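Student: Let me begin by handing over the structure; questions about it come next.
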Amino acid sequence: MIKKNVWKILLATLLLSALILTACGGGTTPEEAAPADTAVEVFSWWTGGGEAAGLEAMIGIFNTEYPGVEFINATVAGGAGTNARAVLATRLQSGDPPDSWQGHAGQELIGTYVAGGQIEPLNDLYDAQGWLAVMPETLIPLISQDGNIYSVPVNIHRANVLWYNPAVLEANGVAVPATVADWIAAMDTLQAAGVTPLALGEQWTQMHLLETVLLGSLGADAYDGLWAGTTDWASAEVKAALDNFVTILGYTNSDAASLSWQDASQLVVNGDAAFNVMGDWAEGYFRELGKVPETDYGWAPVPGTVGVFQFLSDSFTLAVGAPHPAAAEEWLTVAGSKAGQEAFNPIKGSICARTDCDPALFGVYLQSAMDDWASNKVSGSLTHGVVANDSWKSEIDTALGLFMADMNVETFQAALVAACASSGPCQ
Ligand code: GAL
């Protein structure tokens, strides 16, 4: 009987010690205890039109390098992230972040995710990978705050591209326009000939058109000043730019609101419209459709913006509270690598963020974009997160929505003035 009790006490003591050891980490270091991540969830809005194919190519590199990690490709369809960003916001609010998500370099990243304490600094990864030596100097400040670097840029896109159908222009005796006035004259000719001059899509593509018309009408310095608070939104110059916008909208298809960016840009390569203003992801789409550069489509800077590269950059983040932080770093390592960027960008329709990619891997359009990126004046995009924080952008978007319904320039300009005062630098 006594013997039995001794055994019981011994067993209880052993169990207790085991419990205490487990609670204290079992005497192992946290590194030893942490199991390797077996999955990583990456969130984006790249679901089609060349974009999904580009992402797949980069995932291919990831799978080769990290075969033990399942890549969870979490995408929400909708150009420019209009739907995806709403879903992401809900997930972040409910404490359910994906490990890594697509965010635009600039105010979108800094003003939203960094300001909200939602993403981790990546300085150690930058040091370990030597990325400061291969990422453009212009980009680092746009993804940094207080000495911390917050994301890994995978590409550089150009926003101010005028895509055109060479055969349609030729058939109507229209030259590729370089100025806003030439563009309007060309569209007049085309409209008189029964051709849709300018293909347009849903509201974010209308904001995209607006920002390029502002740039083309004001010039790069005054355009930059809109975002820095040095160009007066109430000025006669801005009024003239908005007047141009109204005139240009008069040459667009009436069903714009119901078309995605792919629908609208496809009108050009199919010969149903002469022009479309869209970022160069449209080129990834044209290639996916099997269209031939310089034959099925041509390109030029949006009229008035020759010599200016209006850019944006997709970058990937590391979530605070990422469920799989180690695998997220592995994903980011691929996203920032030469192999990852060389696989992704030629298909996506963008140039590498890295400065050491091999130009021979890229088609004729992207090679011209590389030259322009290296030599042009660089300005930032509004629609794609560079120049304005989310609340300012959303006020502009609301004003634009009302304007598209009433076409009242005075009311629109007053709303833009108010937006800069409430959410921008025009206090
Ligand atoms: C942009 C994004 C591009 C492309 C585009 C259309 O905001 O930066 O990579 O996805 O939207 O969806």
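Student: For region 308-393, what mean projected area does the convex hull of the alpha carbons give, in nm²?
Tutor: Its Cα hull, projected and averaged over all orientations, spans 7.0 nm².
Student: Check I149: other-chain or 5+ apart residues with amide H under 5 Å from its amide H, H built from backbone geometry?
Tutor: HN-HN under 5 Å from I149: L122, N123.
Student: Moving on. Classify region 51-135 as rounded, prolate or oblate, taking a ≥ b ≥ c as the square roots of the eigenvalues of its Cα gyration tensor: rounded when a/c is under 1.5, otherwise prolate if a/b is larger than b/c and oblate if not.
Tutor: Oblate, since a/c reaches 1.5 and b/c is not below a/b.
Student: On to the next question. Taking only Cα atoms of the chain, what ratio of Rg to Rh do you get with Rh as the Kirkwood inverse-distance radius? List each step's numbers first, then the result.
Tutor: Details: Rg = 25.4 Å, Rh = 23.2 Å.
Rg divided by Rh gives 1.10.
Student: Tell me what the chain gives for mean residue ellipticity at 222 nm when only DSSP H runs of n ≥ 4 count, each as -39,500 (n - 2.57), the sum divided by the residue total, rounded to 500 deg cm²/dmol. Let's see the in-between values first.
Tutor: Working: 17 runs with 201 residues, N = 427.
Result for the chain: -14500 deg cm²/dmol, rounded to the nearest 500.
Student: For a quick check, take a GNM of the chain with Cα springs below 10 Å and name the residue from A322, A89, A335 with the largest mean-square fluctuation.
Tutor: A89
Student: Using only the Cα atoms of region 172-306, what do you get for the radius of gyration and for Dmax, in Å?
Tutor: When restricted to Cα atoms, region 172-306 yields Rg and Dmax of 15.0, 46 Å.
Student: Still on this model: If you fit an axis through the alpha-carbon atoms of helix 325-335 and take the longest principal axis of the Cα set of the chain, what angle between them do you get, 0 to 90°, nearest 10?
Tutor: 40
Student: Largest first and in whole Å, what are the equivalent-ellipsoid semi-axes of region 256-384 based on the Cα gyration tensor, each being the root of 5 times an eigenvalue? Spell out each step's value before the answer.
Tutor: Values: eigenvalues 161, 65, 50 Å².
Ellipsoid half-lengths, sorted descending, are 28, 18, 16 Å.
Student: Follow-up question, since we're still on this one. To check you understand DSSP bridge types, tell me what percent of the beta bridges within the chain (both residues inside) are antiparallel, rounded to 5.
Tutor: Details: 19 of 36 bridges.
Restricted to the chain, the bridges split so that about 55 percent are antiparallel.
Student: If exposed GluC sites (Glu not before Pro) are those in a DSSP loop with at most 13 other Cβ within 10 Å, what is the longest stretch of the chain that has none? Mind showing how you got there, number by number?
Tutor: Details: sites that count: E137, E294.
Counting at most 13 other Cβ atoms within 10 Å as exposed, the longest clean stretch of the chain is 138-293.
Student: In debye, nearest 20: dipole of region 328-427 around its Cα centre with unit charges on the Cβ of K, R (+) and D, E (-)?
Tutor: Details: 5 positive and 12 negative charges, 25 e Å.
Computed charge dipole of region 328-427: roughly 120 debye.
Student: Convex hull over the alpha-carbon atoms of region 289-348: what's its volume per residue in Å³?
Tutor: Values: hull volume 9.3 nm³, N = 60.
Taking the convex hull of the Cα positions in region 289-348, it is 154 Å³ per residue.
Student: Using modelled backbone amide H atoms (1.01 Å from N, in-plane), which distant-in-sequence or interchain residues come within less than 5 Å of N155's amide H?
Tutor: D314, A353
Student: Suppose R0 equals 25 Å. What FRET efficiency, 1/(1 + (r/R0)^6) with r the Cβ-Cβ distance, do T38 and L132 give to the nearest 0.05? Don't jump to the answer; show the numbers that get you there.
Tutor: Numbers: r = 31 Å, r/R0 = 1.25.
About 0.20, to the nearest 0.05.
Student: Long-range amide H contacts for S379: which residues qualify at under 5 Å (H placed 1.01 Å from N, peptide plane, sequence gap of 5 or more or a different chain)?
Tutor: The list, which skips near neighbours in sequence, is F309, Q310, F311.
Student: While we're on this one: Go through region 180-187 residue by residue and turn each phi into a ³J(HN,Hα) via Karplus (6.51, -1.76, 1.60, θ = phi - 60°); whole Hz please, and just put x for glycine and proline.
Tutor: Once θ is set to phi - 60°, the couplings for region 180-187 become 4, 4, 5, 5, 5, 4, 4, 5 Hz.
Student: What's the local net charge at T230, with K and R +1, D and E -1, over the other residues with C-beta under 14 Å away?
Tutor: Working: positive: none; negative: D221, D224, D232, E237.
It works out to a net charge of -4.
Student: Quick check: the angle from helix 409-423's long axis to the longest principal axis of the chain, C-alpha only, nearest 10 degrees?
Tutor: It works out to around 30 degrees.
Student: Could you work out the Rg to Rh ratio of region 259-325, with Rh taken as the Kirkwood radius (inverse of the mean 1/r over all Cα pairs)? Don't jump to the answer; show the numbers that get you there.
Tutor: Values: Rg = 16.4 Å, Rh = 14.4 Å.
Using Cα coordinates only, the ratio equals 1.14.
Student: Where does helix 364-375 land angle-wise versus the long Cα axis of the chain, in degrees 0 to 90, nearest 10?
Tutor: 90
Student: Stokes-Einstein at 25 °C, 0.890 mPa s, Kirkwood radius from Cα pairs: D for region 38-196 in µm² s⁻¹? Could you put the intermediate results ahead of the total?
Tutor: Numbers: Rh = 19.1 Å.
For the chosen part, D equals 129 µm²/s.
Student: Let me ask something additional. What does the charge add up to near V306, with Lys and Arg as +1, Asp and Glu as -1, over the other residues with Cβ less than 14 Å from its Cβ?
Tutor: Values: positive: R158, K377; negative: D182, D371, D372.
That sum, taken over residues with Cβ under 14 Å, equals -1.
Student: Summing Lys, Arg as +1 and Asp, Glu as -1, what charge do residues with Cβ under 11 Å from the Cβ of E70 carry, E70 excluded? Intermediate values should be presented prior to the final figure.
Tutor: Numbers: positive: none; negative: D37, E41.
So the environment of E70 carries a net charge of -2.
Student: Place a +1 charge on the Cβ of each Lys and Arg in the chain and a -1 charge on the Cβ of each Asp and Glu, then give the dipole magnitude about the Cα centre in debye, rounded to the nearest 20. Working shown, then result.
Tutor: Details: 14 positive and 47 negative charges, 244 e Å.
So the dipole magnitude of the chain works out to roughly 1160 debye.
Student: Along the Cα→Cβ direction, 7 angstrom out, place labels at N123 and D232. What is the inter-label distance in nm?
Tutor: Computed distance between label sites N123 and D232 equals 4.3 nm.
Student: Of I140, G250, G173, which is farthest on the positive side of the dipole of the chain, counting Cα position, with +1 on Lys and Arg Cβ, -1 on Asp and Glu Cβ, and the Cα centre as origin?
Tutor: I140
Student: Compute the projected area of the convex hull of the Cα atoms of region 243-295, averaged over all viewing directions, and report it in nm² to one decimal place.
Tutor: Orientation-averaged projected area of the Cα hull: 4.2 nm².
Student: Right, another one. Go through F311, V238, A388 and say which Cα lies farthest out towards the positive end of the charge dipole of the chain; charges sit on Cβ, +1 for Lys and Arg, -1 for Asp and Glu.
Tutor: Of the options given, the answer is A388.
Student: Further question: If the only charges are +1 at each Lys and Arg Cβ and -1 at each Asp and Glu Cβ, what is the size of the charge dipole of region 233-330 around the Cα centre, to the nearest 20 debye? Kindly include the intermediate steps, with their values, before the conclusion.
Tutor: Numbers: 3 positive and 13 negative charges, 51 e Å.
Value, rounded to 20: 240 debye.
Where a number appears in this text, it was derived from the coordinates with a stated rule and is not lab data. Computed from a predicted model, the values in this text were never measured in an experiment. FYI the Cβ positions are ideal-geometry reconstructions off the backbone, even for glycines, and counts take in every protein chain you see.
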